[in-house]
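A.B. asks: Structure provided below as structure tokens; questions to follow.
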Amino acid sequence: LTSSLPREGKTLCCVSLGTVLAKSGAKTLVIDCDLRRPRIARAFGLSSTVGLTSVLVGEASLDEAIRSSDVENLSVLPAGPTPPNPAELLNGQHFRQLLTEVGNRFDRVLIDSPPAVPVTDPAILSTLVDGVVLIVRHAQTPKEAATRAAQHVRDVGGRIVGVVLNAIDVSGKSYRSYYGHYTEYKSDEPHAKAESDRNASD
């Protein structure tokens, strides 16, 4: 999961999606690959002193770095100590081997990555995963930024499988206007059908 810019809610979406998948019975792992501004460990109330970077530089085993969460079937691999070379670590053979190993262990693996416009990490990650979900914040993300983020992924052969429109204000006037129109249309449907039936019988 990535976004175009910071503070669009990608980490919250990653945690929420992981929780839903785990509660549905899928053995799920959430990996924090935002090595510049990691947030997954804090979201789960875990320490990030040992994590992904510890495994990649050989200071810890994968089993030592993966933590259990309070949600059944949901495990977490925190980012670990902040490295000086995030893109280099994610583009290395050790990380590819790690993805293969966790892919064999878990039914679902979710990766929380940095935003796609400011840094190259998400483009690198997009070539190593089955698909990318782009998080877009309602009424905040500029259209140009979202388009650019999607293009960065496509330029390297990444596959965007979906977009999440996040933080919609359901109390807003435009939402109520649309929903009101929808319910009015639905309430008119029986009358329209009755009229159609009468016309058919005539």
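A.B. asks: In debye to the nearest 20, how big a dipole does segment 1-66 give about its Cα centre with +1 on each Lys and Arg Cβ and -1 on each Asp and Glu Cβ?
C.D. replies: Magnitude of the dipole: close to 340 debye.
A.B. asks: Further question on the same structure: How do the peptides 115-123, 80-88 rank, highest first, by the average count of neighbouring beta carbon atoms within 10 Å per residue?
C.D. replies: Descending mean neighbour count gives 115-123, 80-88.
A.B. asks: Also, I was wondering about something else. Can you work out ³J(HN,Hα) from phi for every residue in segment 80-87, in order, using Karplus 6.51 cos²θ - 1.76 cosθ + 1.60 and θ = phi - 60°, giving whole Hz and x for Gly and Pro?
C.D. replies: Per residue, the Karplus-derived 3J(HN,Hα) values read x, x, 5, x, x, 9, x, 4 Hz.
A.B. asks: Related question: Answer rounded, prolate or oblate for segment 41-113, using the Cα gyration tensor with square roots of eigenvalues a ≥ b ≥ c: rounded when a/c is under 1.5, else prolate when a/b is larger than b/c, else oblate. Don't jump to the answer; show the numbers that get you there.
C.D. replies: On the way: a/c = 1.77, a/b = 1.25, b/c = 1.42.
Taking the square roots of the gyration eigenvalues as a ≥ b ≥ c, segment 41-113 is oblate.
A.B. asks: Right, another one. Can you figure out the FRET efficiency of Gln151 with Ala26, using R₀ = 41 Å and their beta-carbon distance, to the nearest 0.05? Numbers along the way, then the final one.
C.D. replies: Working: r = 31 Å, r/R0 = 0.76.
Between Gln151 and Ala26 the formula returns 0.85.
A.B. asks: Going 7 Å from the Cα of Asp169 in the Cα-to-Cβ direction, what parts of segment 7-47 have a backbone nitrogen less than 20 Å from that spot?
C.D. replies: 7-10
A.B. asks: Work out the length of the dipole vector of segment 1-123 about its Cα centre, built from +1 on the beta-carbon of each Lys and Arg and -1 on the beta-carbon of each Asp and Glu, and round it to the nearest 20 debye.
C.D. replies: 300
A.B. asks: A further question on this structure: State, to one decimal in nm, how far the label point of Thr120 lies from the label point of Glu64, with both points 7 Å from Cα in the Cβ direction.
C.D. replies: 3.1
A.B. asks: Still on this structure, please answer the following. Just add up the charged neighbours of Thr53: K/R +1, D/E -1, any other residue whose Cβ is under 12 Å from the Cβ of Thr53.
C.D. replies: Details: positive: Arg36; negative: Asp32, Asp34, Glu59, Glu88.
Local net charge: -3.
A.B. asks: Can I ask one more? Excluding Asp32 itself, calculate the net charge of residues whose Cβ lies under 15 Å from the Cβ of Asp32, where each Lys or Arg counts +1 and each Asp or Glu counts -1. Please report the intermediate quantities before stating the final value.
C.D. replies: Working: positive: Lys10, Arg36, Arg37, Arg39, Arg42, Arg67; negative: Asp34, Asp112, Asp121.
Cβ neighbours under 15 Å give a net charge of +3.
A.B. asks: With a 1.4 Å probe and all protein chains left in place, how much accessible area per residue does segment 1-84 have, in Å²?
C.D. replies: Normalised by residue count, the accessible surface of segment 1-84 is 46 Å².
The values are calculated or read from the model by the stated rules, or taken from the named source; none is laboratory data. Please read these numbers as outputs of a predicted model, since none were measured by experiment. Counting neighbours? That spans all protein chains shown, and the Cβs are built from the backbone with ideal geometry, glycine included. Note: areas computed on protein heavy atoms with side chains; ligands, DNA, RNA excluded. Shrake-Rupley method; radii C 1.70, N 1.55, O 1.52, S 1.80 Å.
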